[in-house]
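Down below is the structure, laid out as structure tokens.
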Amino acid sequence: MKVTKKEFKEKFEKRLQDRFAISIEDASSTELYETLGKVIKSYYSSDWKHTRQDYLNHEQKQVYYFSIEFLPGRMLKSNLLNLGMLEMVQEALVEWNIDLEDLVQEEPDMALGNGGLGRLASCFMDSLASIGMPGNGNGIRYEYGLFKQKFVDGYQVELPDEWLNQRNIWEVRRESKAVDVHFGGNVYLKESPTGQLKPVYEGGYSIKAIPYDTGMTGYENDTVNTMRLWSAEVTEEDKINFQNFEDRKELENLTSVLYPDDSNEAGLRFRLSQEYFFVSAGMQSILHYYKSLGLPMTEMNKFIAIHINDTHPAMCVPELMRLLVDEEGMAWEKAWDVTTKVMSYTNHTIMSEALEKWKISLMKEVCPRIYQIIKEIDRRFVEEWSHVFDPELIERTRIIRNKQVHMAHLAIIGTHSINGVAKLHSDLLKSVVLKDFYTIYPDRFNNKTNGIAQRRWSQISNPLLSSTLDKYIGKSWRKNADDLKLLLNHADDKKVYADLAKVKKENKKRLAQYIKETKGIEVSPDAIFDVQVKRLHAYKRQLMNLMHIIKLYLDIKENPDLDITPRVFIFGAKAAPSYHFAKSVIKLINETANLINNDASINGKLKVVFLENYNVSLAELIIPAADVSEQISLASKEASGTSNMKFMLNGAVTMATLDGANIEIRDVVGDDNIKIFGLTEAEVYRYYNEQNYNSADIYNNNPVIHRVVNAFIDGTIPNSRMEGQEIYDSLIKYNDEFFILRDFMSYCEAQESLDADYKDKARWGKMSLTNIAHAGHFSADNTVRKYAEDIWQIEPVRKG
Ligand code: NBG
């Protein structure tokens, strides 16, 4: 889009005047932000309309990405970048003495998700639009995003994230596209005059689902896709139908809060209702659209692909069956054929607690017809396969087992493609976690290694790096991240290392400033910035990182002249509100930080900073400033990881176990440019198989480990007696579930070797450069292209 500065300025001034009747000088940042948002929207609205029309006119096959989480973060700058207006607008604002960054801060960070899964969904939205693919998002418009995290006395406190308080300028409410979603009641089947069995519903409630659409702009390609988020509303008329107040309240608030994942037992019925709500609303609206094309129902799979992001939207399968069989009168077999061809599923974890299962009784209560359909799918599954395979294998793979509905089983049986998110993870699905299913459906399994929206994680979050890259390799990498490889032409150029180091230092200063302002801690940009940012979870082993910090601290106390490069350890992580262990780790990191940061005797060699409320916007500030990226989960546990890719793109060196996508990062950058340590996945499984892991032995026999572990209980870390005991017990009494003690010494050695590398400027420069140069490998543009070709069979839009 070519908009001149003059046109922009005129439009902006006019909007501001029309809306607020003021001039630029009198406007507040909020008013300026809102005006800017409106102006940007007006620039892409006709492309948005045309994109939709193009899909329609060409009967283009489209994918609908169903995800219970989306984490887009702020959209102001990404929209400006995608429309090719970022620099021009920056300049125009400067002419009015306005700093774009001030307006950016006005936008609430849209945090409708917990972590990697939701962020991946948003990276995919960005890439789908940017490569011109017809891709839509379908999710929930939570009124409250993920809680805001505060620390009080070192403890995590959760505050509501009222992001919709300020209006969301990007969304469009589409009342005319509302649908009803039915919950509860009884359903029985009755023969219709044509001899078909039709469901008859008794009682229950309907909730109005209102879609809010947000334009997903593509990078300089005039494509604007749609992310559709559903909001629940109960009309006055409907209210009379509710038998009791409790039910009404629950359903009225259905889309109010995001359910924090991990170990939270509360509100199961609520969560299941949310899942059915956005699935049913989304599927109904897709079917309306498809019917408007006037094409045969039996050919739906040629025009529609539906992607189930983790198991939360797995009810897409029975819901489409319901619509096709009950509403459209299609025969079961035909409907099943269409459904499985339309649907595909991504698994995002091997952690069994995250593989959803619902009690039959609950499902019957929330969505009785869906339960009946699942039961029939299950019956037919058993009928079809029990003569082919060992009946025990079929018993294990059934959807309904032990009074529970297994959502992953439903998602596998009801789709044509199941993918993991990194090579190792996909292999483990086949060989361990979903082995039985792999026996039945070998052709359905495939790998799609995750990727990141590379423009957000470079051009938006790291403009200095971006302009330095332009200087050496031109601008083509901005569109095509594979061209970052051109940097390898400068692999031995010390001048380039120096320039990259200068950029890093500036970004570290920017972060140091933020740390000073928010935490009151002084950190030096000459220190190594060593960063671990991700959800707090035992398997991700933030605790091992902490133990390494404690070791360094004790080493320096013992030997004040210890020759180590000063380090700043930076954490960002939210713990699920009911996840006790994770919250104890937070408390311990905070107390250790207090201890170390205030101990003058260590001469500022170590600093520890736990930044509050980690989210996408904070990630954009932290990641460009990192020297070291901590990706230290126990091998086999992290499905992929995506922050590892963002750090790499920003020139950090990864401290990595051979887990998730770390392995593929190692493969592209080579062993010299990454720090690998710890058990391999095969060694981890050997411990499981032989059941011979013994953490107490390690503790008793290794004096270094003994000393560090004791710090949790001997008063070294103040104000944390209970939490310290809990951590100690997890390591010693409960046998260290994630093998921290086994990997600890190897981790410390890798850290020492990293320290030595950092001291050697040329060596470090090359490592950093090599990481940047290979980061294009993990661009989400590439990843979604593979989904498009192998799974969805969609193609770029034919414009016209
Ligand atoms: C997360 C995994 C990460 C992975 C992201 C995106 C869930 C359930 N899983 O390793 O833990 O990178 O998904 O695939 O959030």
The answer for the per residue Cα convex hull volume of the range 30-136, in Å³, is 108 Å³
Subtracting the Cα-Cα distance of residue 357 and residue 333 from 0.36 nm times their residue separation yields 6.0 nm
Binned at 10 Å from zero, the C-alpha pair distances of the chain give percents of 2, 13, 23, 25, 20, 12, 4, 1, 0, 0
Volume per residue (Å³) of the convex hull spanned by the alpha carbons of the range 456-783 is 128 Å³
By the mean-Cβ-within-10 Å protection proxy, highest first, 356-366, 31-41 rank as 31-41, 356-366
Here the membrane-span-like helices of the chain, with no claim about any membrane, defined by DSSP H, Cα axial extent at least 27 Å and mean Kyte-Doolittle at least 0.0, are 268-293
Two pseudo-spin positions, 7 Å from Cα along C-beta at residue 561 and at residue 402, lie apart in nanometres by 6.1 nm
Taking placed amide H atoms and a strict 5 Å upper bound, the residues 5 or more places from residue 198 or on another chain that come that close are 190, 191, 192
Shape descriptor, the range 330-376: equivalent ellipsoid semi-axes (Cα gyration tensor, sqrt 5λ, whole Å, largest first) stand at 23, 19, 6
Between residue 188 and residue 10, the two model label points (7 Å from Cα along the beta-carbon direction) sit apart by a distance in nm of 7.1 nm
Expressed in angstrom, Rg and Dmax over the Cα atoms of the range 609-651 are 11.3, 29
Rounded to 0.05, the calculated FRET efficiency for the beta carbons of residue 91 and residue 59 at R₀ = 45 Å is 0.60
Dividing the helical contributions, -39500 (n - 2.57) per DSSP H run of n ≥ 4, by the residues of the chain yields a 222 nm value, nearest 500 deg cm²/dmol, of -14000 deg cm²/dmol
Expected sort for 503-511, 313-321, 487-495 on mean C-beta neighbours within 10 Å, highest first, is 313-321, 503-511, 487-495
Place a point 7 Å from the Cα of residue 691 in the direction of its beta carbon; the residues of the range 350-388 whose amide N falls under 20 Å from it are 352
Projected onto their principal axes, the Cα atoms of the range 481-537 stretch, largest extent first, over whole-Å spans of 42, 30, 16
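Students often check this: by mean Cβ neighbours within 10 Å, which of 303-312, 669-678 ranks highest, and how do the rest follow?
Numbers: 303-312: 25.3, 669-678: 18.1.
Descending packing order for the listed peptides: 303-312, 669-678.
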Per the rule of 0.36 nm per residue minus the C-alpha distance, extending residue 479 to residue 30 adds in nm 158.5 nm
Stretched fully, the stretch from residue 249 through residue 725 gains (0.36 nm per residue minus C-alpha distance, one decimal, in nm) 167.2 nm
The distance between the Cα centres of the range 389-439 and the range 532-574, in whole Å, is 39 Å
Once both label points are put 7 Å beyond Cα along the C-beta direction, the residue 513-residue 46 separation in nm becomes 3.9 nm
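Only the coordinates and a few stated rules stand behind these numbers; no lab work does. Worth saying up front: this structure is predicted, and the values here are computed from it rather than measured. Because the Cβ atoms are built from the backbone with ideal geometry, glycine has one as well, and the counts that use them run over all protein chains shown.
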